[in-house]
Amino acid sequence: MSRALVIKATSGEDAPERCNQAFTVAAAAAASGVEISLWLTGEASWLAVPGRAAEFSLPHAAPLNDLLDAVLAAGRVTVCTQCAARRGLTEADLVEGVRISGAATFVAEVTAEGVQALVY
């Protein structure tokens, strides 16, 4: 049975280390061939807006925009529907390839057979 990983990032620039950990683990999983789905919620939602990940800075960490690109190249990135709405974001406002979806989709992903979910 193949394994999949769903990672939920709940913070952005408000908690940079926690945010970077989510992106780093997601990119490492993608590079390892693991099926990956990265969910951006709360302040992490902003990082799906073009240019925002490039502005993110954390000493001794890989550039966030590179990590996001790695996940997009090998997996899926989703912004929470309610989080996007609270921030006035639509899919047209996001990096190409990032989708907006809600709790039902998240629940379906994390309850599928062979899935491990992590929340940062």
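The values are calculated or read from the model by the stated rules, or taken from the named source; none is laboratory data. Everything quoted here is computed from the prediction, not taken from an experiment. So basically every Cβ, Gly included, is an ideal-geometry build from the backbone, and we count neighbours across all protein chains shown.
Return the residue satisfying two criteria in turn: it lies in the range 92-120 and is surrounded by fewer than 15 Cβ atoms within 10 Å (Cβ to Cβ) and acidic (Asp, Glu), and of such residues it is nearest to the chain's Cα centre (by Cα). Looking at the filtered set, the residue picked out is Glu96.
Every condition in (1) in contact with a strand residue (DSSP E or B) (Cβ under 9 Å, 6 or more places away or on another chain); (2) modelled with pLDDT under 95 is met by Ser57 except one, and the failing one is (1).
For the range 42-57, the count of residues that are of a type in the set (Gly, Ala, Ser) and within 22 Å of Gln116 (Cβ to Cβ) is nonzero. There is at least one residue in the range 63-73 that is aliphatic (A, V, I, L, M), under 13 Å from the mean Cα position of the chain (by Cα) and more than 20 Å from Arg18 (Cα to Cα).
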